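Down below is the structure, laid out as structure tokens.
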Amino acid sequence: MPYTHILVAVDLSEQCHAVMQRAMALAQCSQARLSLVHVIEPLAMAFAADVPMDLSLLQQQQTEQAMQRFRQFAAQYSALRDEDRHLLSGQPRHEIHSLAEQLCCDLIVVGSHGRHGLALLLGSTANELLHGARLDVLAVHLAD
Ligand code: AMP
């Protein structure tokens, strides 16, 4: 059965171009629709309990930076329509699963690891996505 709608999740690191290439190749083979998602992890979710300071300014800067990086990343893939580009905020596993459900995707594509920034503290997204997944999840092997 060919896939009909593939969701590719990127952490906007250099390595995720390899993840994107694999997802695009799969989408082309299956003639599937391809959607792209990046999730901004709110600083408060990781640090609020430990850091006794107002994180709102930092949060705003993080969001603006992520919006710019996401735009630059997505601009390199002109075949992706605007409505297929999703920039969300929250816990990556939760947001990616619920977007996949909302869009009726049948495959999620992620990198085997990324481990940058907050992911270091929160654990591997690829691993978390596999748990409780109601659809196929492909972890594209990335060199260390
Ligand atoms: P990591 O959890 O850092 O080991 O990342 C593994 C893979 O999960 C990355 O290669 C991405 O495909 C995906 N990923 C990690 N963080 C995010 C994020 N914030 N938004 C979307 N996808 C992500």
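Residues whose amide H lies under 5 Å from that of residue 109, counting only those 5 or more places away or on a different chain, are 7, 8, 9, 138; hydrogens are built 1.01 Å from N in the peptide plane. With unit charges on the beta carbons (Lys and Arg positive, Asp and Glu negative) and the dipole taken about the Cα centre of the range 5-142, which residue among 56, 18, 109 sits farthest to the positive side? It is 18, whose Cα lies furthest towards the positive end. Across the range 69-74, coupling constants 3J(HN,Hα) worked out from phi with the 6.51/-1.76/1.60 Karplus curve, θ = phi - 60°, read 5, 5, 4, 5, 5, 5 Hz, and Gly and Pro carry x.
Rule-based calculations on the coordinates, nothing more; no lab input. No experiment lies behind these values; they were computed from the predicted model shown. Glycine also receives a Cβ, built like all others from the backbone with ideal geometry; neighbour counts cover every protein chain displayed.
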